[in-house]
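The values are calculated or read from the model by the stated rules, or taken from the named source; none is laboratory data. Small disclaimer: the values here were computed from a predicted structure and weren't measured. Heads up, the Cβs are rebuilt from the backbone with ideal geometry, glycines too, and the neighbour counts pull from every protein chain shown.
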Amino acid sequence: MSGTNPSSAAENRPGVPRKGVGNDPREQHRDVAEAPGKIWFRDLDEAVIEADRCVQCASCVAACPSDSIGIDAEEGRPTLVRMCTGCSRCWDFCPRSGLRYERHLELAREERALEEPATYAARADDAAAAAGQDGGVVTALLAELLEAGEIDGAIVAREREDEPLRGEAVLATSREELLEAGGSIYNQTMGLGRIDELLADAELGDDPDLALVGTPCTIQGATALDRYDHAPADPIALTIALLCTRSFEHDRLVSRLESFGVDPAAVDRLDVSDGRLRAVDESGDTLLETPVDEFDAAGLRGCDECADFVGDAADISAGSVGSADGYTTVVVRSDTGDSAWEQAAPALETTAIDRPSVLERLADWNRRRAESTLPREFDPEGSVGISYDRHREAYDGTDREPEALNPARVHQYEEWC
Ligand SMILES: Cc1cc2nc3c(=O)[nH]c(=O)nc-3n(C[C@H](O)[C@H](O)[C@H](O)COP(=O)(O)OP(=O)(O)OC[C@H]3O[C@@H](n4cnc5c(N)ncnc54)[C@H](O)[C@@H]3O)c2cc1C
Ligand code: SF4
Ligand code: SF4
């Protein structure tokens, strides 16, 4: 693969009429007014965001060279904030459209220096273990790296003060801030798309080294940017993926909890593991414990197309599955991950993972779900870029086909796209 984008722009010009946009003047002049190969944010919006397939990884926000994509404050989704140049890059780096993520993961595996990933069960000392979701390993590891000067900060997530259970991305630069941000937030926080903004407030100098923590799709975007473009991923020195079968849309998650009679403000901790969702209050009393399937409708629909449960492109992955309660399952895959792990070792109690077969079974299940849901072929050997035309061929006529823009936003696109 050469060039700065994973897909071949020449293949990409849409020849398929778009749904429901017959009165749009831009559409009427589309074939003559545009240079060949252009894909606009509007195309991504219709194919992914309006089609309710966006997994809020923020790769498109980070990839845009003209900072044309922002993050909608209410919905937490990407949105156009200024003129789009049709450079195609948001499309090319989106794991729900132009980026064939399974090929990217295959390439990441081939590039890796460690032959076999190392898997552990581990737990941190008391403070990080108490703050963390499982063994507090991610918090402890980041704190050790910060204090050793190996990283200058970590992009993590914490609950917003003004809204129960809604997470926001933060740049933690001290152990205290990391402890405050311990635990899992079950909605996406778009940290990859907020690096510049977070750095602008942090005074970390010209060339900071950051750790990025996120769901596997976020790490796919960050590592694809690192391979093909570098600039947006330049500050990222270490990637940590949180094992993930599904993230949730915040408002739908909160409404669903309410439908079970749970006040979201009373929830101190949510946990999804072993197929169950548990909500616990500050004194440790269980407010709700139920099969997580009951929350299917609150999940992000695009997650069903994701086969990357373990976060295979990350330097290190962390989850709960396979280890005893109070321990974190950790997978270390790269030289960078290995040196970070060595650095943190004195602060961790490490043992062998209890049930490796459970980890493998869940990864297999996740892959089967993706293969049966994806309207396109699942092809780890295919081209890493998926053109707009090919996407339309596979998705049109399915329940995941592109949707016309929300009419409230059409006028803005006529001006900017
Ligand atoms: C949406 C989601 C789904 C998950 N699903 C599974 C699963 O199915 N199976 C499984 O084994 N594990 C799953 N996990 C991972 C698990 O919940 C723990 O995060 C993991 O075991 C690490 O535990 P820890 O105690 O070592 O981490 P901690 O010490 O608690 O550190 C976690 C770090 O991650 C950051 N963080 C938390 N949520 C987010 C977020 N949404 N985006 C970015 N950063 C975040 C925190 O700020 C903190 O720095 C999921 C996590 C998330 C966020
Ligand atoms: S899935 Fe990620 S890259 Fe694609 S539109 Fe959503 S936020 Fe952007
Ligand atoms: S299931 Fe996949 S797409 Fe959904 S949040 Fe997790 S990593 Fe992202």
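See the values below:
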| read-out | value |
| --- | --- |
| Evaluation of ASP226 against (1) within 16 Å of ligand 2 (Cβ to nearest atom); (2) crowded, with 19+ Cβ neighbours inside 10 Å (one fails), failing number | (2) |
| Tabulated pairs, region 227-245, first acidic (Asp, Glu), second part of a loop (DSSP other than H, G, I, E, B), C-beta under 6 angstrom, 6+ apart or interchain | ASP229/THR4 |
| Count of region 119-129 residues which are at pLDDT 95 or above and among the hydrophobic types (A, V, I, L, M, F, W, C) | 3 |
| Out of GLY275, GLY214, sole residue that is within 27 Å of SER174 (Cβ to Cβ) and either free of Cβ contacts under 8 Å to residues at least 24 places away in the same chain or not hydrophobic (A, V, I, L, M, F, W, C) (or both) | GLY214 |
| When residues of region 240-270 are limited to those that are away from ligand 2 (no atom under 16 Å from the Cβ) and of a type in the set (Ser, Thr, Tyr), the one nearest to ALA297 (Cα to Cα) | SER255 |
| Subset of region 204-223 that is outside any strand (DSSP E or B), within 15 Å of ALA241 (Cβ to Cβ) and of a type in the set (A, V, I, L, M, F, W, C) - its residue that is nearest to ligand 3 (Cβ to nearest atom) | CYS217 |
| Members of region 238-275 that are hydrophobic (A, V, I, L, M, F, W, C) and either under 21 Å from the mean Cα position of the chain (by Cα) or within 21 Å of MET190 (Cα to Cα) (or both) | LEU238, ILE240, ALA241, LEU242, LEU243, CYS244, PHE248, LEU253, VAL254, LEU270, VAL272 |
| Of all residues in region 271-313 being under 30 Å from SER334 (Cβ atoms) and among the β-branched types (Val, Ile, Thr), the one that is farthest from ligand 2 (Cβ to nearest atom) | VAL272 |
| Inter-residue pairs, beta-carbon under 6 Å, first touching a residue at least 12 places away in the same chain (Cβ under 8 Å) and in region 41-65, second in a helix (DSSP H, G or I) and among the polar types (S, T, N, Q), 6+ apart | CYS57/THR218 |
| Those residues of region 68-88 which are in contact with a strand residue (DSSP E or B) (Cβ under 6 Å, 6 or more places away or on another chain) and either of a type in the set (A, V, I, L, M, F, W, C) or in the same structural domain as GLU197 (by TED's automatic domain parsing) (or both), in sequence order | ILE69, VAL81 |
| Some residue of region 135-147 being within 16 Å of ligand 3 (Cβ to nearest atom), within 20 Å of THR328 (Cβ to Cβ) and at pLDDT 95 or above | yes |
| Filter result for ALA121 (more than 16 Å from ligand 2 (Cβ to nearest atom), buried (at least 22 other Cβ atoms within 10 Å of the Cβ) and of a type in the set (A, V, I, L, M)) | yes |
| Given (1) modelled with pLDDT of 95 or more; (2) over 23 Å from the mean Cα position of the chain (by Cα), number of the condition ARG355 does not satisfy | (1) |
| Among the candidates THR350, THR290, THR329, residue that is among the polar types (S, T, N, Q), within 10 Å of ligand 1 (Cβ to nearest atom) and either modelled with pLDDT of 95 or more or in a helix (DSSP H, G or I) (or both) | THR329 |
| Residue in region 188-196 that is more than 17 Å from the chain's Cα centre (by Cα) and more than 19 Å from LEU300 (Cα to Cα) present | yes |
| Residue list for region 164-191, restricted to those being free of Cβ contacts under 8 Å to residues at least 24 places away in the same chain and out of contact with any Lys or Arg (no Cβ under 7 Å at 6 or more places or on another chain) | GLU176, GLU177 |
| Test set (1) within 21 Å of ALA108 (Cα to Cα); (2) of a type in the set (Phe, Trp, Tyr); (3) surrounded by fewer than 22 Cβ atoms within 10 Å (Cβ to Cβ) - PHE309 fails condition number | (3) |
| Qualifying positions in region 175-203 - within 16 Å of ligand 3 (Cβ to nearest atom) and more than 22 Å from SER273 (Cβ to Cβ) | MET190, GLY191, LEU192, GLY193 |
| Number of positions in region 145-203 that are part of a loop (DSSP other than H, G, I, E, B) and surrounded by 17 or more Cβ atoms within 10 Å (Cβ to Cβ) | 15 |
| Some residue of region 153-161 being in the same structural domain as LEU198 (by TED's automatic domain parsing), among the basic types (Lys, Arg) and away from ligand 1 (no atom under 11 Å from the Cβ) | yes |
| Qualifying positions in region 85-142 - under 16 Å from the mean Cα position of the chain (by Cα) and in a helix (DSSP H, G or I) | CYS90, TRP91, ASP92, TYR101, GLU102, HIS104, LEU105 |
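Yes/no per residue for (1) over 30 Å from ALA127 (Cβ atoms); (2) among the aliphatic types (A, V, I, L, M); (3) crowded, with 18+ Cβ neighbours inside 10 Å:
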residue	(1), (2), (3)
GLY337	no, no, yes
ARG376	yes, no, no
HIS391	yes, no, yes
ASP396	yes, no, no
